[in-house]
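Accompanying notes for the structure given below.
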Amino acid sequence: MTTRRDAILRGAARAAELHRELGLRERLRDGKRPVDVFDVAQRIGLLVLFRPLVGLLGAYVPTPGSDGMLITTRRNLHIQRFTAAHELGHYVLRHKAISLDTERDIGFVARGETASHDPQEFEADAFASELLLPKWLLVAHARRHRWGTSDLTRPEVAYQLSLRLGVSYAATCWALAQNDLIRRTTAQQLVATAPKASKQRALPDIVPENWYPDVWELSEHDRGVHVLGNPDDFLVLALRERVASGYTWDTEAMTSAGLTVERDERDTRHPDAMGGAVTRRLIVKGPAQGRVHLEERRAWEPQQSSLNTFELDLALIGAEPEGLPRAARAVAA
C-alpha cells in the first residue's frame, strides 16, 4: 500500500523529471519568469478548458485518447495556475479516476494538511508544488534580486517573490519552508501577515479603492523580467537617473503600451557622489501586454546615444477567461 510519504515523493520526483524532459531549468535559471503551466500542458498534449465551475477549483477528466482538465474562471490567475499544475499532476502520474478538486484539495501538502486525502491527491498536489516552486527556481529569483536567507523571512520580500513566481503569497511561504530556505514556524508567521501591509508599504502615498490589486516593486534587478499580473496592478519602478549630467528616463513607452502614470517623481535627498544620480520613482498601472523598452538619455541627443536601458515583458491581463488558454487561442488563430 502506498504511504502518504511515498505518494508525496513520487509526485515531486515526477515533476522534477518533467523539468528535465522539457528543459525548464535551463530556460528559467535566469530568474526572469515563472513556470508557464499552460504551455507545459499544451506541450505534453493535455487539453485545458476554463469554465465558471461552481464549488470546484478544477477537475481532471481522463477519457480514451483525449485526457483533459477543467479550471474555474471564478478565481484569480494565481489559483488557476496552481490548480492547473495539480490537474496536470493527475495526468502525468497516469491517474485513472476523474478527480473533482475543491479548495481543500489544492495546496494541502505544502500546508502540512495530511488528513482525509487519498494517495492520488497527495501525488498530484506534491507534483504541483514541485512543478511551480522547485528550490532551484526559488533560488534563481532570490539571486537575481540579491535576496539572502534573512531577506526571505520578511513579508514584503516573500510577497514580491510570490508575484515573480506567479503563485499565491501563502503558497510561496510554504514552498520556502518545504525547501528549507526558511523555518516552518517562520512560514506560519509570514502566512499570518496579510500582503496588504506589504502593499501599503510600497504605496505610502496612494490609497486605491481597495487593496485587492497587487503592487510590484521593480528595480534595476528586474531588467527583462516577465510581469504576469492584472490590469489593476500597480507597478512601482525605482530607477537610478543621472539627472545632474542631463540624462533622464524617457517614459513615453509606458503610455504607448497603455499604462497610466499615477506618480512620477525624483528622490533628490541622497544623490550618488559619483555622477549625481538620483532615484526616479514611477508608479504606473493599466492593461498592458508586450515588451516595454525605456531609455535613459539626454533629450537633445540622438536616441541611439542612450546611457542605459530598462525593459519589462508585461502580461497585465488577469485571470484566464472561459474557453481555451489565451496562448492556445492565439496559436489556433
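The values are calculated or read from the model by the stated rules, or taken from the named source; none is laboratory data. Since the structure is predicted, the reported quantities are computational estimates derived from the model, not experimental observations. Every residue, glycine as well, gets a Cβ built from its backbone with ideal geometry; the counts of neighbours run over all protein chains shown. The protein model used for the area step is the full one, side chains on, heavy atoms only, and it has no ligands, DNA or RNA in it. Shrake-Rupley method; radii C 1.70, N 1.55, O 1.52, S 1.80 Å.
Can you tell me how many residues within the stretch 175-225 are at pLDDT below 95, hydrophobic (A, V, I, L, M, F, W, C) and over 26 Å from Ala315 (Cβ atoms)?
Adding up the residues that qualify gives 1.
Determine which member of the set Glu217, Glu130, Glu121 is open to solvent by 10 Å² or more (accessible area, probe 1.4 Å), more than 17 Å from Arg33 (Cα to Cα) and not hydrophobic (A, V, I, L, M, F, W, C).
Glu121
Restricting to the stretch 185-198, and then to whatever is assigned to a helix (DSSP H, G or I) and in contact (Cβ under 8 Å) with a residue 24 or more places away in the chain, can you tell me which residue is most open to solvent (accessible area, probe 1.4 Å)?
Ranking the qualifying residues of the stretch 185-198, first place goes to Ala197.
Before we move on, is Leu49 open to solvent by 10 Å² or more (accessible area, probe 1.4 Å), out of contact with any Cys (no Cβ under 8 Å at 6 or more places or on another chain) and in contact (Cβ under 8 Å) with a residue 60 or more places away in the chain?
For Leu49, the condition - open to solvent by 10 Å² or more (accessible area, probe 1.4 Å), out of contact with any Cys (no Cβ under 8 Å at 6 or more places or on another chain) and in contact (Cβ under 8 Å) with a residue 60 or more places away in the chain - is met.
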